[in-house]
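The values are calculated or read from the model by the stated rules, or taken from the named source; none is laboratory data. Remember, predicted model here, so these are calculated numbers, not experimental data. Here Cβ is always computed from backbone atoms with ideal geometry, including for glycine, and neighbour counts include all displayed protein chains. These area figures cover heavy atoms from the full protein model, side chains too; ligands, DNA and RNA do not enter into them. Shrake-Rupley method; radii C 1.70, N 1.55, O 1.52, S 1.80 Å.
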Amino acid sequence: MRRLSMEKLVAFCNQYGFIFQGSEIYGGLANTWDYGPLGTRLKNNIKDAWRYFFIQKRNHSYEIDSDILMNPTVWEASGHLASFTDPLLDCKECKTRHRADNLINDVTSDVNADAMTQEEMLHYITEHKIPCPKCGKSNYTDIRQFNLMFATQRGVTQGNTNIIYLRPENAQGEYVNYLNVMRTMRTKLPFSIGQIGKAFRNEITPGNFTFRTIEFEQMEYQTFCKKGTDEEQYEYFKQYGTEFFEFIGLSKEHLRYHDHEKLAHYAKAACDIEYLFPFGWGEINGTHNRTDYDLSRHQQYSGKSLEYYEEQTGERYIPYIVESTYGLDRTFLAVMFETLVEEELEPGESRQVMKLPAMLAPIKVNVLPLIKKRHSEKAMELYQMLQKYFMVSYDDAGNIGKRYRRGDAIGTPYAITIDDNTLDNDIVTLRDRDSMLQINIPTGELISHIMKALVY
Ligand code: GAP
């Protein structure tokens, strides 16, 4: 079994309707991608698996859906206005812009630019004459901190506008609603708030397909707890993160932890889970101990008390927050690389097959009349019956082997073939995508058989 290269995966996604270039007919827009019909299904199924793992099967765990646009003071309080920046410099020769830390990390592993100050980075780049990736010369401007937030304007009359920001993370929507959730769900510490939604960042570095984009989705999860229990929660969610990735089919060998030396402005401890992509290890998740930083700042900037009252002890305090955040697009990409393989069947014959867990498959069953003229009516009847339960496809074009292969390539776990045995005895052939084994099964047992494979 061979995993696909990046080039092949991009072509596959375009061919089968998983991902298209954003604004394609206009020549695209750098680092934007649109999900096609099958990609959207897969993405929704990953969201549902996350919902199951984080909301449904955990106690005191609540999902919200807060707005992308927030009062701009939120971003002052959160520290993003002052500190959510990348160190950028320009090449004076060819005028291209680069991230200083990437210039260093791309040429050496002797030092870690993530742990350097701005001055140390500039000194290193100058001393080692690190060449510009575009023109090869080494003649740069000073490093400047460039804020990653997208700003837009709000105002009803011209000239009287306020700057507001597209959120760079989901987390703040969860923080400003912590009291609302606690009150309405009548819950106590520790409890968690999850959210799936878009985030926006003005990234200038090249993307590696959907790995780094300017608009992306996050599945963020915040656990509110008492100080002193935060470290235990932090260790728990590091572990729970790998359990989630294994649950959706990523293999242990392709996952590793990366503890941060240089911490974001809000964190006391941070650790990423990285996945082994064809271009190297890349962060797909982060666990952050955000302490009481965010809620204290929101209390200060809003003037509203965000203290928790602990009934048993009569204490009042600001809860600590342990965050577990998942990049949805990166998780999607990891799932594609992990499960889409080229499999040798016998010398000279191979197939492309996406060995997705059934719960993630965009289509669950492919309905195939063996002979179009003869078996279509019965096949259509079964197709319509199955549609009430699952996402189903119907394919009557080409020979049966080719139709099986099309379903294999997009990860459809089951194909059912309708033939004379179906007309005479209500029995279909059910083919399993991975083993390619075929069994005869009465039509009345189809739903329960398929349902079993879809239970979380
Ligand atoms: N609330 C904390 C937070 O936003 P982060 O590590 O900056 O932390 C969380 O982002 C996750 O979002 C990352 O682990 C990654 O999977 C995803 N992510 C971040 N920037 C991204 C980008 N430009 N494109 C796609 N995914 C991104």
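Would you give the gap between the C-alpha center of region 163-180 and the C-alpha center of region 61-108, rounded to a whole Å?
Going from one Cα centre to the other spans 16 Å.
In whole Å, how far is the Cα centre of region 230-265 from that of region 185-220?
16 Å
What fraction of the Cα pairs in the chain, stated in percent, has a spacing above 44 angstrom?
Tail fraction, whole percent: 24.
Return an integer: the convex hull volume of the alpha-carbon atoms of region 337-456, in Å³ per residue.
Per-residue hull volume (Cα only) is 101 Å³.
Output the Kirkwood hydrodynamic radius of region 85-147, Cα pairs only, in Å rounded to one decimal.
11.5 Å
Protein chains only, probe 1.4 Å: how do K43, K268, K226 rank by accessible area, largest first?
The residues order as K268, K226, K43, largest area first.
Determine the share of region 1-159's accessible area contributed by carbon and sulfur atoms, expressed in whole percent, with a 1.4 angstrom probe.
48 percent
On full extension of the chain, what length is gained from E377 through K57, given 0.36 nm per residue of separation minus the C-alpha to C-alpha distance?
Working: separation 320, 0.36 × 320 = 115.20 nm, distance 4.18 nm.
Fully extending the segment from E377 to K57 adds 111.0 nm.
Which length gain, in nm to one decimal place, applies between I25 and S302 when the Cα-Cα distance is subtracted from 0.36 nm times their residue separation?
Numbers: separation 277, 0.36 × 277 = 99.72 nm, distance 4.55 nm.
Here the answer is 95.2 nm.
Give the carbon-plus-sulfur fraction of the accessible surface of region 363-454 in %, rounded to a whole number; probe 1.4 Å, heavy atoms of protein chains only.
Carbon and sulfur: 52 percent of the exposed surface of region 363-454.
For region 208-309, what does the alpha-carbon gyration tensor say about shape, rounded, prolate or oblate, given a ≥ b ≥ c as the root eigenvalues, a/c under 1.5 as rounded, and a/b over b/c as prolate?
Numbers: a/c = 2.38, a/b = 1.76, b/c = 1.36.
Verdict is prolate for region 208-309.
Using a simple charge model, +1 on the beta-carbon of Lys and Arg, -1 on the beta-carbon of Asp and Glu, nothing else, what dipole does region 85-147 show about its Cα centre, in debye to the nearest 20?
That gives region 85-147 a dipole magnitude of about 420 debye.
Using a 1.4 angstrom probe on the protein heavy atoms only, could you order Y236, Y266, Y175 from most to least accessible area?
If we order Y236, Y266, Y175 from most to least accessible, we get Y236, Y266, Y175.
Considering only the other residues whose Cβ falls under 11 Å of the Cβ of L345, what net charge follows from Lys and Arg at +1 and Asp and Glu at -1?
That sum, taken over residues with Cβ under 11 Å, equals -4.
Need one number: % antiparallel among DSSP beta bridges in region 365-433, to the nearest 5.
35 percent
Just give me a number: lysine pairs in region 337-456, eight or more positions apart or cross-chain, with C-alpha atoms less than 20 Å apart.
11
Averaged per residue, what accessible area in Å² does region 115-159 show with a 1.4 Å probe, protein chains only? It would help to have the intermediate numbers written out before the result.
On the way: 3250 Å² over 45 residues.
Result: 72 Å² per residue.
Heavy atoms of the protein only, probe of 1.4 Å, neighbouring chains included. What is the accessible area of L81 in Å², nearest 10?
Near enough 70 Å² of accessible area.
Skipping prolines and chain starts, which residues have an amide H placed within reach, meaning under 5 Å, of the one on F150, given they are 5 or more residues away or on another chain?
HN-HN under 5 Å from F150: L166, N202.
Test of understanding: what is the full-extension gain from K252 to T229, defined as 0.36 nm times their sequence separation minus their Cα-Cα distance?
5.5 nm
If R0 is 51 Å, what FRET efficiency do you get for M385 and T205 from their C-beta distance, rounded to 0.05?
0.55
Calculate, for E346 and E93, the FRET efficiency according to 1/(1 + (r/R0)^6) with r their C-beta to C-beta distance and R0 51 Å; round to the nearest 0.05.
The calculated FRET efficiency here is 0.35.
Suppose R0 equals 60 Å. What FRET efficiency, 1/(1 + (r/R0)^6) with r the Cβ-Cβ distance, do N71 and A397 give to the nearest 0.05?
Working: r = 54 Å, r/R0 = 0.90.
Once rounded, the FRET efficiency stands at 0.65.
Say the dipole of region 1-88 comes from +1 at the beta carbon of Lys and Arg and -1 at that of Asp and Glu; which of H80, L29, A49 then lies farthest toward its positive end?
Toward the positive end, the furthest listed residue is A49.
To the nearest 20 debye, what charge dipole does the chain have about its Cα centre, counting +1 at the Cβ of each Lys and Arg and -1 at the Cβ of each Asp and Glu?
Values: 52 positive and 63 negative charges, 204 e Å.
The dipole magnitude comes to about 980 debye.
What are the residues whose amide H is under 5 Å from the amide H of I19, where those residues sit 5 or more places off or on another chain and H is modelled from the backbone?
N14, G36
Got a number for the accessible area of D114? Probe 1.4 Å, square angstrom, nearest 10.
60 Å²
Using alpha carbon centroids, what distance separates region 283-321 and region 9-36, in Å?
41 Å
Have a look at the DSSP beta bridges in the chain and tell me what percent are antiparallel, nearest 5.
Of those bridges, close to 85 percent are antiparallel.
Order S192, S138, most accessible first, counting only protein heavy atoms with a 1.4 angstrom probe. Don't jump to the answer; show the numbers that get you there.
Numbers: S192 0, S138 55 Å².
Ranking S192, S138 by accessible area, largest first, yields S138, S192.
Rounded to the nearest whole Å², what accessible area per residue is found for region 337-429 with the 1.4 Å probe?
With the other protein chains kept in place, region 337-429 gives 44 Å² per residue.
In nm, give the distance between the simple-model label positions of Y317 and I163, each being 7 Å from the Cα along the Cα-to-Cβ direction.
3.8 nm
Hey, can you grab everything whose amide H is under 5 Å from the amide H of C132? Only 5+ residues off in sequence or another chain; H modelled, so Pro and N-termini drop out.
The list, which skips near neighbours in sequence, is K137, S138, N139.
Over the heavy atoms of Y240, what accessible area does a 1.4 Å probe trace out, to the nearest 10 Å²?
Y240 exposes around 10 Å² with every protein chain in place.
Tell me what the chain gives for mean residue ellipticity at 222 nm when only DSSP H runs of n ≥ 4 count, each as -39,500 (n - 2.57), the sum divided by the residue total, rounded to 500 deg cm²/dmol.
Numbers: 15 runs with 147 residues, N = 456.
Per the formula, -9500 deg cm²/dmol.
Along the charge dipole of the chain, Cβ charges K/R +1 and D/E -1, which of G228, L333, T108 sits furthest on the positive end?
Most positive-ward Cα: L333.
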